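The values are calculated or read from the model by the stated rules, or taken from the named source; none is laboratory data. Just so it is clear, the model here is predicted, and its values are computed rather than measured. No Cβ is skipped: glycine too gets one built from the backbone with ideal geometry, and neighbour counts run over all protein chains shown. We work out accessible area using only protein heavy atoms, side chains counted, and drop any ligands, DNA or RNA first. Shrake-Rupley method; radii C 1.70, N 1.55, O 1.52, S 1.80 Å.
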Amino acid sequence: PTGYMENSISYSAIEDVQLLSWENAPKYCLQLTIPGGTVLLQAANSYLRDQWFHSLQWKKKIYKYKKVLSNPSRWEVVLKEIRTLVDMALTSPLQDDSIHQAPLEIVSKLLSENNNLTTQDHESIIVAIAPLLENNHPPPDLCEFFCKHCRERPRSMVVIEVFTPVVQRILKHNMDFGKCPRLRLFTQEYILSLNELNAGMEVVKKFIHSMHGPTGQCPHPRVLPNLVAVCLAAIYSCYEEFINSRDNSPSLKEIRNGCQQQCDRKPNLPLRLLHTSPDLVSQEATLTESRLKPVIVTSNEIHVEVERNNTANQKMTAGVGNDSEPNLIDCLMVSPTCSTMSIELSPQADRILGCYVEILKMLSDYDDWRPALASLLQPIPFPKEALAHEKFTKELKYVIQRFAEDPRQEVHSCLLSVRAGKDGWFQLYSPGGVACDDDGELFASMVHILMGSCYKTKKFLLSLAENKLGPCMLLALRGNQTMVEILCLMLEYNIIDNNDTQLQIISTLESTDVGKRMYEQLCERQRELKELQRKGGPTRLTLPSKSTDADLARLLSSGSFGNLENLSLAFTNVTSACAEHLIKLPSLKQLNLWSTQFGDAGLRLLSEHLTMLQVLNLCETPVTDAGLLALSSMKSLCSLNMNSTKLSADTYEDLKAKLPNLKEVDVRYTEAW
């Protein structure tokens, strides 16, 4: 009979498959031998015939091995069959993922159904299938078997010789651990087994270095996200017992205040932690005792002060938010060392925590990985129990310090919260924060790097004044130059409205030599500002080409410019640094920055101070969306030239919606054109 087959033929019924090779045989035919006869299959060409031939042979052999390995009798025979199966997969001319995956799944099923194997049998099977793992991820059941081997025999040579290339491939090529969670678990157990070797973390460090590579730039973009995912999952597992044991989980703020159980919560009585060390409190002890009569409640975890809502307390906190610190005395009463839960991890969980926090430290040491690492950790992807655990936050402090020391804006900007209303690392590691365990050294370092970048703005200073004024004053009192500069800027930009607070800041500045010197410089600048803003002088001014920031500063210090309305800096060499001088011009309405090096940081400063600016020319400047978005607060803008900048279409639409008086706009040679 010819034509299509009326009934299917099972693979198990095929006794033999051959290519027709006799003379005058039909072209491109296969001969299948089955019980009761033969069947000829004709393909359209030789390539398709060969594909059929190898596929049928492959299927036939796979069914054979499934049958043989489903009922093992002697393990030496089983091992021999596994090696033959692996060789067959490696030598097959077929190009398909299932060619290598099918043998791995057969072995995986064999191992899951036979739990009585010896350790030697385990290792022999792992070594036998190792060639297949060079270019394929292990299936889930096999991952579970590998995890068990890592836990039970972490010092086995199989871990180093066989598992290392497998884990390296997973880290380099895996795209989503969410789809393959057992791959992540296997990677996690492999790293822990490395930590169990004699050299311990040194072996782990060498492994991390091998994943990064010897050059300054890691060639594999998936390695860092995968390593971070493994670290986060491992750290979460350390606190899983605490997370699951709490029926009504308190917020991080409640944990910080020492409230762990539902019955401990007293919303009508605000909690404030007491400092255990008397050295800071003793200075204000007398004043505090006369002002408030707190009740001290002793729990088995922590000492908590309950403040009664009396008249004095209401006056003290009037107009201040729940998270703000009204004065220096309150700041001294807040204890960074008491802001943690009493968490005792099991020895195993403690080892896991130590290992994976150490890996995060290693990752932060690579310059090319630090921006991506900071971005991944910016949302604070750790459970609140971990953030309330003193050991964890103390060890993680090294990573935060590395972020604070990095001069790149994309790194240290990740210290701030990922969105409004959510705490960032800056808040957690500042005095009074849940993770702070020092007297503000890290806080000062973070403020210094943020102020030195593009955060020298009213908004940032206002946030410090509302929430961290006490720590700033305390550190300035101890001679910290960054905090002295912060207090001077708060006075210069009129951030502080309260006259008593201003006098307290001035007293703090005058108590140290560096503070006294910087305050005198501030007073001198204020006198020069009054002279600069005095009515008189030209209404229009154009600087010669090639002028610098220093030339502009020298010119503006030479007389009165209270009437200056139109300033042209076109084709000069000024940068964002000149913004500090431009914001002092009270009558400025038109500013031309064409073909200068004025950037985003300068735009942010202008947008906060020159709100009456009407005409702004930014043609051929290096500004980007990050700075241009700040212009949305300049409601008086009528004309805006963004020709040949890095303006995007979305930012342009946003500016048009937020600037109602904008009539003339030039966006030629931009994405929005």
Flagged pairs (Cβ under 7 angstrom, 6 or more apart or on separate chains; first in segment 160-175, closer than 16 Å to residue 189 by Cβ; second among the aliphatic types (A, V, I, L, M) and open to solvent by 20 Å² or more (accessible area, probe 1.4 Å)) are 162/127; 162/130
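Looking at segment 387-406, which of its residues are assigned to a helix (DSSP H, G or I) and more than 12 Å from residue 360 (Cβ to Cβ)?
We begin by selecting, within segment 387-406, every residue assigned to a helix (DSSP H, G or I); these are 387, 390-405.
Within segment 387-406, 387, 390, 391, 393, 394, 401, 404, 405 qualify.
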Filter segment 93-124 down to the residues that are free of Cβ contacts under 8 Å to residues at least 24 places away in the same chain and outside any helix (DSSP H, G or I), then identify the one that is least open to solvent (accessible area, probe 1.4 Å).
118
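With the requirement that a residue be open to solvent by 40 Å² or more (accessible area, probe 1.4 Å) and either assigned to a helix (DSSP H, G or I) or on the phi > 0 side of the Ramachandran plot (or both), what does segment 631-642 give you? Reasoning before the result, please.
Just the residues of segment 631-642 that are open to solvent by 40 Å² or more (accessible area, probe 1.4 Å), to begin with: 633, 635, 638.
The one that is open to solvent by 40 Å² or more (accessible area, probe 1.4 Å) and either assigned to a helix (DSSP H, G or I) or on the phi > 0 side of the Ramachandran plot (or both): 633.
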Residue ranges of helices (runs of 4 or more DSSP H) in segment 570-630 with at least 3 members charged (D, E, K, R):
600-609
Hey, any hits in segment 531-542 for a residue that's over 25 Å from residue 597 (Cβ atoms), at pLDDT below 90, outside any loop (DSSP other than H, G, I, E, B) and not small (Gly, Ala, Ser)?
yes
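How about segment 146-185: which of its residues are of a type in the set (Ser, Thr, Tyr) and either within 20 Å of residue 110 (Cα to Cα) or within 31 Å of the chain's Cα centre (by Cα) (or both)?
Within segment 146-185, 164 is the sole residue that qualifies.
Taking the conditions exactly as written (closer than 30 Å to residue 522 by Cβ, touching a residue at least 24 places away in the same chain (Cβ under 8 Å) and not charged (D, E, K, R)), does residue 637 satisfy them or not? Spell out how you get there, then give the answer.
Working: closer than 30 Å to residue 522 by Cβ: no; touching a residue at least 24 places away in the same chain (Cβ under 8 Å): yes; not charged (D, E, K, R): yes.
No, not satisfied.
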With the requirement that a residue be under 26 Å from residue 390 (Cβ atoms) and either assigned by the TED database to the domain that holds residue 494 or open to solvent by 10 Å² or more (accessible area, probe 1.4 Å) (or both), what does segment 427-467 give you?
427, 431, 432, 437, 438, 439, 441, 445, 448, 449, 467
Collect the residues in segment 372-394 that are open to solvent by 30 Å² or more (accessible area, probe 1.4 Å) and over 19 Å from residue 427 (Cβ atoms), keeping them in residue-number order.
372, 391
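Please tell me if residue 34 is of a type in the set (A, V, I, L, M, F, W, C), surrounded by 11 or more Cβ atoms within 10 Å (Cβ to Cβ) and more than 59 Å from the chain's Cα centre (by Cα). Reasoning before the result, please.
On the way: of a type in the set (A, V, I, L, M, F, W, C): yes; surrounded by 11 or more Cβ atoms within 10 Å (Cβ to Cβ): yes; more than 59 Å from the chain's Cα centre (by Cα): yes.
The answer is yes for residue 34.
With respect to residue 202, is the statement that it is within 21 Å of residue 386 (Cα to Cα), charged (D, E, K, R) and open to solvent by 40 Å² or more (accessible area, probe 1.4 Å) true? Give the derivation first.
On the way: within 21 Å of residue 386 (Cα to Cα): no; charged (D, E, K, R): yes; open to solvent by 40 Å² or more (accessible area, probe 1.4 Å): yes.
Against the criterion (within 21 Å of residue 386 (Cα to Cα), charged (D, E, K, R) and open to solvent by 40 Å² or more (accessible area, probe 1.4 Å)), residue 202 does not qualify.
Which residues, taken from segment 11-43, are under 16 Å from residue 59 (Cα atoms) and outside any strand (DSSP E or B)? Walk me through how you get there before you give the answer.
Initially, segment 11-43 is screened for residues under 16 Å from residue 59 (Cα atoms), giving 11-18, 30-34.
Within segment 11-43, 11, 12, 13, 14, 15 qualify.
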Output the number of residues of segment 643-673 satisfying the condition of being open to solvent by less than 60 Å² (accessible area, probe 1.4 Å), farther than 20 Å from residue 575 by Cα, of a type outside the set (Gly, Ala, Ser) and assigned to a loop (DSSP other than H, G, I, E, B).
4
Kindly evaluate residue 134 against the criterion of being acidic (Asp, Glu) and either buried (at least 16 other Cβ atoms within 10 Å of the Cβ) or closer than 18 Å to residue 114 by Cα (or both).
no
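If you check 548, 572, which single one turns out to be open to solvent by 20 Å² or more (accessible area, probe 1.4 Å) and within 40 Å of the chain's Cα centre (by Cα)? Write out each step before concluding.
Details: 572 fails: open to solvent by 20 Å² or more (accessible area, probe 1.4 Å).
The unique qualifying residue is 548.
Residue-wise test of (1) within 22 Å of residue 623 (Cα to Cα); (2) without any contact (Cβ under 8 Å) to a residue 12 or more places away in the chain.
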{"site": "554", "(1), (2)": "no, yes"}
{"site": "559", "(1), (2)": "no, no"}
{"site": "568", "(1), (2)": "yes, no"}
{"site": "572", "(1), (2)": "yes, no"}
{"site": "580", "(1), (2)": "yes, no"}
{"site": "590", "(1), (2)": "yes, no"}
{"site": "593", "(1), (2)": "yes, no"}
Answer yes or no as to whether residue 418 is open to solvent by less than 10 Å² (accessible area, probe 1.4 Å) and either without any contact (Cβ under 8 Å) to a residue 60 or more places away in the chain or in a helix (DSSP H, G or I) (or both).
no
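Given the residues 209, 220, which is the only one that is over 18 Å from residue 155 (Cβ atoms), free of Cβ contacts under 8 Å to residues at least 60 places away in the same chain, outside any helix (DSSP H, G or I) and out of contact with any Ser or Thr (no Cβ under 7 Å at 6 or more places or on another chain)? Give the steps one after another, and end with the answer.
On the way: 209 fails: outside any helix (DSSP H, G or I).
Within the list 209, 220, the selection yields 220.
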Could you tell me which numbered condition residue 501 fails, if it satisfies all but one of (1) in contact (Cβ under 8 Å) with a residue 40 or more places away in the chain; (2) closer than 24 Å to residue 393 by Cα?
(2)
Within segment 51-67, restricting attention to residues that are open to solvent by less than 60 Å² (accessible area, probe 1.4 Å) and without any contact (Cβ under 8 Å) to a residue 40 or more places away in the chain, which residue is farthest from the chain's Cα centre (by Cα)?
53
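Condition test on residue 38, is it within 30 Å of residue 3 (Cα to Cα) and at pLDDT 90 or above?
Working: within 30 Å of residue 3 (Cα to Cα): yes; at pLDDT 90 or above: no.
Here the answer is no, as residue 38 does not meet what is asked.
Can you go through 628, 585 and tell me which one is crowded, with 18+ Cβ neighbours inside 10 Å, over 28 Å from residue 554 (Cβ atoms) and in contact (Cβ under 8 Å) with a residue 24 or more places away in the chain?
628
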